[in-house]
Amino acid sequence: MKTITLLFFAILFASNAKAQEWQTYYEGQGITIQYRPVEIDDAQLGISHKRIVFRYENKTDKEVQLNFNRLITYSDSETAAKPQEKKYHVSIPANSSVEYNQANSMDKTFYLFAQDKKNTIKRSLINFDIRDVTTN
């Protein structure tokens, strides 16, 4: 089963996304938030983007509701980072993780737009910060 899962992810990312290793952004309260940059090339959707994708891990033996805000800075914004108006919520099963995948690829809880490789969208991500992390 592990081989099939690894093969599936290898095919998925080889076909439409180039990925790097996960980097830990936050660790505390039994939760780890990780991110990595990926390149998404999808001819059917007509996109060729760079994204920052997220994985949320629960290291406790109970299901956790993770809540947080993001501060983001894009190249077209003023020098100050702008908070996103949406508060994000993720349910994570006990001793498990949830991460960006094809099923949630349009859910911004799991990604940030970083850059349009076709240069149709002029702005690009300069920085992001995850704030106000809480669990219930």
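Given the pairs Lys87/Lys122; Lys87/Lys108; Lys82/Lys108; Lys50/Lys118; Lys50/Lys122; Lys87/Lys118, which are separated by over 22 angstrom at their Cα positions?
Lys87/Lys122; Lys87/Lys118
Per-residue accessible area for Leu45 at 1.4 Å probe radius, Å² rounded to 10?
Here the residue's solvent-accessible area equals roughly 110 Å².
With every protein chain kept in the model, how would you rank Arg55, Arg36, Arg70 by accessible area, 1.4 Å probe, largest at the top? Write down the numbers at each step before the final one.
Numbers: Arg55 55, Arg36 30, Arg70 0 Å².
Putting Arg55, Arg36, Arg70 in descending order of accessible area: Arg55, Arg36, Arg70.
Under a point spin-label approximation (7 Å from Cα along Cα-to-Cβ), what is the Val133-Asn101 distance to one decimal in nm?
Inter-label distance under the simple model: 2.2 nm.
On a straight-distance basis, which aspartates and glutamates could pair with Lys117 in a cross-link, Cα separation under 13 angstrom, same-chain partners fewer than 8 positions away excluded?
Result set, ordered by chain and number: Glu39, Asp41, Asp42.
The values are calculated or read from the model by the stated rules, or taken from the named source; none is laboratory data. Not measured: the values here are computed from a predicted model. Glycine gets a Cβ as well: all are built from the backbone with ideal geometry, and neighbour counts include every protein chain shown. With ligands, DNA and RNA removed, areas are computed over all heavy atoms of the protein, side chains included. Shrake-Rupley method; radii C 1.70, N 1.55, O 1.52, S 1.80 Å.
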